[in-house]
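Colleague: First the structure, then my questions, so here it is.
What follows draws every value from the coordinates through simple rules; no lab data is involved. As the structure is a prediction and not an experimental result, all values here were calculated from the model. When we count neighbours, we look across all protein chains shown, and the Cβ atoms used for this are built from the backbone with ideal geometry, even at glycine.
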Amino acid sequence: MNNIIKTLLCCPKCRGKLSVEGNRIFCATCREDVLVDNRYIDFDKLTPQLHLSLDTKVQEITEYAGAVMKDIKTDWRIAAVLEDIRENAKGSVCLEIGGADGPMTPTLEHLFDTTMTLDYSRHFLKRIQKKTERAICIYANAHFLPIQDNVLDMIICCEVLEHSTIPTQLLTELRRTIRKNGVIILSVPNEQVLCHRKQLSKYEYSHAGDTHINFFTPYSLEKLLFRTGLEIVSMKTIYPPSNSVRSFLGNIKNSIKKSFSGSFIVCILRPMEDPWIYWETFYKNLRS
């Protein structure tokens, strides 16, 4: 554990390296301790506060969900992402962000020497601990990763970005922490529609079933990734399996509704050599 703390982790507030004195782990600059209990690491005292009411509300609901939600089954979405992970797994260090109760974490810890899973719910992390043998469970805000620069071989960030109050901050943190030749696997729901008609002021609040606050199409996600310094190696949309005539027809109907694309977007990413190329070009254009 001490080796992981010294070589991989950092203070999420000042990004300085952590100090270890006996059983005490702390940031000498911020003068706050990190709580460590076996494989559980809690950065609560060192996590910067966003002071956004929406972020606070989402975090509260996430913590509650960790306590009451049933275990997530390995459905077709998880199976599709795990297939991409196995095909692209390399190196020794992996970070999973927003792993919920850990449907993918046991697989990850068998693919990598060091697997860390980060969530903003202590309840979810405790459930992951029970399902895993070696995974390091980190309580922290993904907008401020307690990870040193360029130390991760793979990052898994699946169905997380749609919950983020500042998605650009989260994406730049992924770029900061991934190695130059590392791989990021990211997925989000596909919100693309062929035609949208809805009467204003008529929203059915009783249908509230998620904490999504960002809504992506393949095109909007591509632009966002490029402007935050992430290069798309591949992007695809995925469908549920067609196990019957009914599900086959349902997939066709859904595909047409979503402009002939699938229900979820899955990307394989790597950091751009020049992450600021768009902004530097924009600045040059302004001056010309």
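Colleague: Using each residue's phi in the stretch 155-163, evaluate 6.51 cos²θ - 1.76 cosθ + 1.60 at θ = phi - 60° and report the 3J(HN,Hα) Karplus result to the nearest Hz, with x for Gly and Pro.
Modeller: Values per residue, Gly and Pro as x: 10, 10, 9, 10, 6, 10, 4, 5, 9 Hz.
Colleague: Now, a different point. I want to check the label-to-label distance for Leu224 and Arg86. Put each point 7 Å from Cα in the C-beta direction and report it in nm to one decimal.
Modeller: 2.9
Colleague: For the pair Trp279/Ala79, report the inter-label distance in nm, with labels modelled 7 Å from Cα in the Cβ direction.
Modeller: 4.2
Colleague: Step by step: find N for the stretch 1-135, compute 2.2 N^0.38 Å, then divide the Cα radius of gyration by it. What's the final number?
Modeller: Values: Rg = 16.0 Å, N = 135, 2.2 N^0.38 = 14.2 Å.
Its radius of gyration relative to the 2.2 N^0.38 Å reference: 1.13.
Colleague: A follow-up question, please. Provide, as a two-decimal number, the C-alpha radius of gyration of the chain over 2.2 N^0.38 Å, N being how many residues it has.
Modeller: 1.05
Colleague: Highest mean first, what order results for 122-133, 166-177 on Cβ atoms within 10 Å?
Modeller: Sorting 122-133, 166-177 by mean packing, highest first, produces 166-177, 122-133.
Colleague: Hey, can you grab everything whose amide H is under 5 Å from the amide H of Cys10? Only 5+ residues off in sequence or another chain; H modelled, so Pro and N-termini drop out.
Modeller: So Cys10 has HN proximity to Ile147, Gln148.
Colleague: With a cap of 11 neighbouring Cβ atoms within 10 Å, and only residues DSSP puts in a loop, list the trypsin sites (Lys or Arg not before Pro) found in the stretch 1-81. Walk me through the numbers on the way to the answer.
Modeller: Details: sites: Lys6, Lys13, Arg15, Lys17, Arg24, Arg31, Arg39, Lys45, Lys57, Lys70, Lys73, Arg77; in loops: Lys13, Arg15, Arg31, Arg39, Lys70, Lys73.
For trypsin sites (Lys or Arg not before Pro) across the stretch 1-81 that sit outside H, G, I, E and B with at most 11 neighbouring Cβ atoms in 10 Å, the list reads Arg31, Lys70, Lys73.
Colleague: Quick check: residue separation of Met1 and Asp44 times 0.36 nm, minus the Cα distance between them. What number comes out in nm?
Modeller: Computed gain between Met1 and Asp44 is 13.6 nm.
Colleague: Below 8 Å, C-alpha to C-alpha, sequence gap of six or more: please give me the relative contact order for the chain in percent.
Modeller: 16
Colleague: Along the positive direction of the dipole of the stretch 36-287 (beta-carbon charges: Lys, Arg +1; Asp, Glu -1; about the Cα centre), which of Leu54, His143, His123 reaches farthest?
Modeller: It is Leu54.
Colleague: Given H placed on each backbone N at 1.01 Å, which residues far from Leu118 in sequence or on other chains put an amide H within less than 5 Å of it?
Modeller: Glu96, Ile97, Gly98, Gly99, Ile138
Colleague: While we're here: At 20 Å minimum axial length over the Cα atoms and a Kyte-Doolittle cut of -1.0, report the qualifying DSSP H helices in the chain, or say none.
Modeller: Helix filter hits for the chain: 53-68.
Colleague: With r as the distance between the Cβ atoms of Arg134 and Val20 and R0 = 22 Å, compute the FRET efficiency 1/(1 + (r/R0)^6) and round to 0.05.
Modeller: Using R0 = 22 Å, I get an efficiency of 0.65.
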